[in-house]
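The values are calculated or read from the model by the stated rules, or taken from the named source; none is laboratory data. What you see is a predicted model; the values in this text were computed from it and never measured. Note: ideal-geometry Cβ built from the backbone for every residue, glycine included; neighbour counts use all protein chains shown. When the accessible area is computed, the model is the full protein with side chains, heavy atoms only, and any ligands, DNA or RNA have been set aside. Shrake-Rupley method; radii C 1.70, N 1.55, O 1.52, S 1.80 Å.
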Amino acid sequence: MMWFLLCVGLLLGGYFIYGKFVEKVFGINKARQTPAFTKTDGVDFVPMSKGKVYLIQLLNIAGVGPIFGPILGALYGPAAMLWIVLGCIFAGAVHDYFSGMLSVRNNGQSVPNLAGKYLGKSAKHFMNVFAIILLLLVGVVFISAPAGLLGKLTGWDVSIFLGVIFTYYLIATIVPVDKIIGRLYPFFGALLLFMSVGLTIALVVSSEHTLMPGFEMGDFFSNLNPNDMPLWPALFITIACGAVSGFHATQSPLMARCVENESNGRFVFYGAMIGEGVIALIWCAIALSFFGGVEGLNAGMAGNPANVVYEASTGLLGAVGGFMAILGVIILPITSGDTAFRSARLILAEFFKMPQTALPKRLLLAIPLFIMGAILTQVDFGVIWRYFGVANQTTAVMMLWTASAYLLRHNKFHWICTVPAMFMTTVVISFLLNSATLGAGLPMTLSTVAGVVSTLVIAGLIIVKTKGKGKGEDEDALVEKA
């Protein structure tokens, strides 16, 4: 229990200490009006209170990733918890803060336009294509997972729930943000936090289970995977949400269009990621504890993390409490899946320069996205998840380099973004070069060396190209004059 509480304490400390430092480096301006007021349209740009925006942001970013990812990552042992803590504080929360605040500073623009502004047109075109692919994969993953859990919970045909969730997604994607998302998501967010804490308390007071049984300090730096899977670099792809996730970069602009003041940014963006990190820690601890260790977890999972969710929830909270806990887990992907399609619609709208105030224009972009999503639901979930993981972390790499370029351009302390950008670039390149199913299938040592060299080259090019470039017509120049 001590190790679990220490990890949670470090995350909370990271928010108050490192989060404050990140905010200072960025340099907020409380007097500057945000896009929620300068571009109010009653559909996507709608001012909302800090608490409401925080809960919506938390639900937007917290799909099945901070549950399924940490459960799968728990097979490596407590090292997964160490990555959640360090990754969340120094990479994921920084990534989310800059993806949100750069959008606030640039009239609520999406990540492709931000990448284009700070990294160049090639980056913009790459991110336009990549972000749409990622969001479609996310939407499909976040349809299939809750539909499968609902089918397991009720015994009904999964296709029924696929149809119901798709219908809801279409409605939530096109209606004004304050009509469904703004009204229901704060309640869902509170339910999510309540059930996560409830599961933790149930585990602590359980007479049958012990929190983190038999683990010692050295286990945090060891690979305990019973299937002999290498920790590097797979762990850093497996646990994305809860540590660092590129999907969040596509979601933060949604709330950047609703934030009432720049001073709310640390709580909304950095804070929501810390909240997701706590959720990831809880499920990682449950996975390691409920089954008595990695061997029991491997057997209990049977290749599907949904089995862990079902067994642990009903086992710790009983039939009624377990149902409520599983319902909270089901809400997570549904409330991220709809905003994934919403983000895809807005990215396409920016690309085609198509205003979204009229319903027919929203439908014109939304319907083709849902048709493609419906087709992808027929692909095996395991295949979709693997591609989602790589696409997710590649998007995170692009966003971190975008933030680094912004700081370089403004002669600010860019290393808070450059270091995590370099680490994640090495992870992605090494993984793709080593993976036999998704990449080149090269030996691990060669893949890692090539990843490090490639990262150093990329970092050098970005630093040389961007540093000292000056602000030019960047909106921050106007901010500092205000």
Long-range amide H partners of Ser49, meaning residues 5 or more apart or on another chain whose placed amide H is closer than 5 Å, are none
Area projected by the alpha carbon convex hull of the stretch 84-130, averaged over all directions, nm² | 3.6
For the stretch 236-242, take each phi angle, set θ = phi - 60°, evaluate the Karplus expression 6.51 cos²θ - 1.76 cosθ + 1.60, and give the result in whole Hz per residue in order, putting x for glycine and proline.
-> 7, 8, 5, 9, 9, 4, x
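Under the rule of -39500 (n - 2.57) per DSSP H run of 4 or more residues, summed and divided by the residues of the chain, what mean residue ellipticity at 222 nm is obtained, to the nearest 500 deg cm²/dmol? Working shown, then result.
Numbers: 21 runs with 344 residues, N = 482.
Taking each H run of at least 4 residues, the total per residue is -24000 deg cm²/dmol.
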Within the chain, what is the longest stretch that has no chymotrypsin sites (Phe, Trp or Tyr not before Pro) placed in a DSSP loop and near at most 16 other beta-carbon atoms within 10 Å?
-> 157-412
Toy charge model, Lys and Arg Cβ at +1, Asp and Glu Cβ at -1: the chain dipole around Cα centroid in debye, rounded to 20, equals 1760
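Of all accessible surface on the stretch 28-72 at a 1.4 Å probe, what whole percent is carbon and sulfur?
Numbers: 750 of 1420 Å².
Here it works out to 53 percent.
Per residue, how much accessible area does the chain show when a 1.4 Å probe rolls over the protein heavy atoms, in square angstrom?
Numbers: 17840 Å² over 482 residues.
Ligands and nucleic acids excluded, the result is 37 Å² per residue.
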The distance between the Cα centres of the stretch 1-17 and the stretch 96-142, in whole Å, is 31
Projected onto the charge dipole of the stretch 54-187 (unit charges on the beta-carbon of Lys, Arg, Asp and Glu, signs +1, +1, -1, -1), the Cα from Tyr76, Ala115, Tyr169 with the largest positive-side position is that of Ala115
So what J values fall out for the stretch 274-281 if you push phi through Karplus, 6.51 cos²θ - 1.76 cosθ + 1.60 with θ = phi - 60°, rounded to Hz, Gly and Pro as x?
-> 5, x, 5, x, 5, 4, 4, 4
Options Ile143, Ala396, Trp3, ranked by Cα towards positive dipole end of the chain, top entry (Cβ charges) | Ala396
In order over the stretch 49-55: 3J(HN,Hα) from phi, Karplus 6.51/-1.76/1.60, θ = phi - 60°, whole Hz, x for each Gly or Pro, gives 5, 4, x, 5, 5, 4, 5
Cα→Cβ-extended label distance, 7 Å offset, between Thr210 and Trp415, nm | 4.2
Farthest positive-ward along the chain dipole, Cα basis, beta-carbon charges - from Gly322, Ala436, Ala366 | Ala366
Value of D in µm² per second that Stokes-Einstein yields for the stretch 1-134, Kirkwood Rh from Cα pairs, at 37 °C (0.692 mPa s) = 190
The stretch 252-382 - percent of accessible surface contributed by carbon and sulfur, probe 1.4 Å | 68
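Normalise the Cα radius of gyration of the chain by 2.2 N^0.38 Å (N = residues in it) and let me know the number. Could you put the intermediate results ahead of the total?
Working: Rg = 21.2 Å, N = 482, 2.2 N^0.38 = 23.0 Å.
Dividing the Cα Rg of the chain by 2.2 N^0.38 Å gives 0.92.
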